[in-house]
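Remarks on the structure that follows.
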Amino acid sequence: MHTFPRYAAARPEQVAALVRENPFALVVSAADGVPVATHIPVVVEDRPGDGFEGATLLGHMARVNPHWRSWEPGTQVLVVFSGPDGYVSPTVYRTDPAVPTWDYAAVHLTGRVKLIDDALDVVERTVQAAESLREPAWEPTPASREKFAELLPGVVAFRVRVHAEQSMFKLSQDIDAERYARVRADVSAVNPRLADLMGRS
């Protein structure tokens, strides 16, 4: 991903929050020279520092998906986390000349993938991470754990050790405060999640 310094995340916590709040990621790798991508939930297992370099991610996918079969030891994958996004119309600026743009946030984490045996642990961690964003959170029952166990033969789990991080938080921060306020107010009406992200930057 090409990045622009002026659209860097204001703080490392902003990157961490986007990854945590948007766990449905795009996992990309090459198989016989052809890009292959799968949309799956990916959660953070460990993040030892402020950033994601050196962190580990956990994910799982359906065993019938052939994507994972191309993962030899040391295979590199790109994991893309996308935040809210939205179109910004020139009508909001109330200036001329003006051109439209698109506001968005995305985090790209690159690392080496390794298949792991404990799919149940990965599935349970994924559910826990997703439920932590809800109120009230669902607590698995013994019956639901049994159901998870029944599904495990059809699941492949993996871990990614991250060695590179890129992010873009293009949120109209390069315009003056008056126009920025108008953009955020306009976005609030149709895309409150994007407006909330703009408020945090």
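The values are calculated or read from the model by the stated rules, or taken from the named source; none is laboratory data. These numbers come from a predicted model, not from an experiment. Just the protein is used for accessible areas: all its heavy atoms, side chains included, with ligands, DNA and RNA removed. Shrake-Rupley method; radii C 1.70, N 1.55, O 1.52, S 1.80 Å.
Of note:
- Principal axis box of the chain, alpha-carbon based, largest edge first, Å: 60, 43, 31
- Computed Rg/Rh of the stretch 127-170, alpha carbon atoms with Kirkwood Rh: 1.14
- Cα radius of gyration and Dmax for the stretch 83-142 (Å): 20.8, 63
- Helix 177-190 axis, angle to the chain major axis (alpha carbon atoms, nearest 10°): 50 degrees
- Degrees between helix 119-131 axis and first principal axis of the chain (Cα, 0 to 90, nearest 10): 30 degrees
- For the stretch 1-65, the percent of C-alpha pairs falling in each 5 Å distance bin, counted from 0 to the bin holding the largest distance, reads 3, 13, 19, 23, 20, 13, 6, 2, 0.
- When Rg and Dmax are taken over the Cα atoms of the stretch 52-159, they come to 19.8, 63 Å.
- Cα centroid separation, the stretch 4-35 to the stretch 172-201: 21 Å.
- Between the helical axis of 12-21 and the longest alpha-carbon principal axis of the chain there is an angle of about 60 degrees.
- Per residue, the accessible area of the chain comes to 56 Å², computed with a 1.4 Å probe over protein heavy atoms only.
- When the alpha carbon gyration tensor of the stretch 3-111 is reduced to an equivalent ellipsoid, the three semi-axes, largest first, read 32, 18, 12 Å.
- Cα point-scatterer Debye curve for the stretch 58-102, base-10 log of I(q)/I(0) at q = 0.13, 0.16, 0.25, 0.30 Å⁻¹: -0.57, -0.64, -1.00, -1.13
- Apportionment of accessible area to carbon and sulfur, the chain, percent (1.4 Å): 54 percent
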